[in-house]
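Visitor: Provided herewith is a single structure, encoded as structure tokens, for subsequent inquiry.
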Amino acid sequence: MFAAKAVPAIFVLLWATGFIGARYAMPWAEPFTFLWVRFAITFALLLLLIPLTQAKSLPPRTAFHACIAGMLMHGVYLGGIFWAVRHGLPAGMAGLIVGLQPLLTAAMAGAFAGETMDRRHWLGLAIGLVGVAVVLSPKLGQTGGVTPATIGAGLIAVVAMSAGTVWQKRFVANADLITGTLYQYLGGWLLAFSVSFLFETQHFVLNGELIFAMVWLVLVLSLGAIFLLMFLIRRGAIGRVASLFYLVPGVTALLAWVLFGETLTLVQIAGMVITTLGVALATAQSRTVRPTPR
């Protein structure tokens, strides 16, 4: 029981480290080239896990839907964010754009997954977004790299992550966790490899920072954090799960303060408190209507 209650906190901590890993990787590799290699390694590791865990196979239709969810959640979302950051979008602005995801996911869940949320949850989502803006406010003055292309890539990424989360909940939620994730990464790999082959040079600089980022992002994010996210989606309403993403910018700011000596102001700490309040409201249990099984 305690382990299940700890999953949201562990997920937020692991997910926040993804931005730290991206900071190490992006100077040394093109975004979609880095991602298709990352997805291929993750796919291979999952293949090794299947016989060890006796994971169940998926019906072709479910496997197809898992691939679609993976294209959206991994290929388009990560590709869009990595591309925008590589082309100069400040981390603070990227974080603010990503902060739109919980509200968008809740709206999509209501429209396509049959979930409804009461006023308290919507209020929590709104408060959480305000908190994210406060946390990121010291960095919003950075204007270099803020172009229609980078902003557009960030917005496409957020829409894709929200759509992929709803798709996963609607069509793949009851699938075996390991096998379903395997097909997700197959879908992500297909998209990332195609974009890399068509639009990138596949050039990268192999050094310690790139290797560290690859190992960390594969083991901690692509396996650990994604398994936890799939578990949370299976166990809870999508809107409440998505609200956890509001906590990521604050945790990332704390990690950057510890690891890189970046400034952490009282304003940012206040923003973290506001965000936590919003997430507490949005994730509180209530009479959430779930879709009827089909």
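The values are calculated or read from the model by the stated rules, or taken from the named source; none is laboratory data. Being a predicted model, the structure only gives us computed values, none of them experimental. All Cβ positions, even for glycine, are placed from backbone atoms using ideal geometry, and neighbour counts span all protein chains on display.
Visitor: Suppose we filter segment 1-53 for residues that are assigned to a helix (DSSP H, G or I), more than 17 Å from PHE227 (Cβ to Cβ) and among the aliphatic types (A, V, I, L, M); how many remain?
Guide: Here the count works out to 6.
Visitor: Now for a different question. In segment 33-57, how many are in contact with a Phe, Trp or Tyr (Cβ under 7 Å, 6 or more places away or on another chain), farther than 10 Å from VAL218 by Cα and hydroxyl-bearing (Ser, Thr, Tyr)?
Guide: 1
Visitor: Looking only at residues that are surrounded by 18 or more Cβ atoms within 10 Å (Cβ to Cβ) and aromatic (Phe, Trp, Tyr) in segment 176-215, which one is farthest from the chain's Cα centre (by Cα)?
Guide: Ranking the candidates gives PHE193 first.
Visitor: Further, regarding this structure: Does segment 154-162 contain any residue that is at pLDDT below 90 and under 21 Å from ALA25 (Cβ atoms)?
Guide: Within segment 154-162, one or more residues are at pLDDT below 90 and under 21 Å from ALA25 (Cβ atoms).
Visitor: May I pose another question? Tally the residues that are assigned to a loop (DSSP other than H, G, I, E, B) and of a type outside the set (D, E, K, R), restricting the search to segment 242-281.
Guide: Looking only at that region, the number is 4.
Visitor: Does ALA66 fit the bill of being modelled with pLDDT of 90 or more and crowded, with 18+ Cβ neighbours inside 10 Å?
Guide: Numbers: modelled with pLDDT of 90 or more: yes; crowded, with 18+ Cβ neighbours inside 10 Å: yes.
Considered against the rule, which asks whether it is modelled with pLDDT of 90 or more and crowded, with 18+ Cβ neighbours inside 10 Å, ALA66 comes out as yes.
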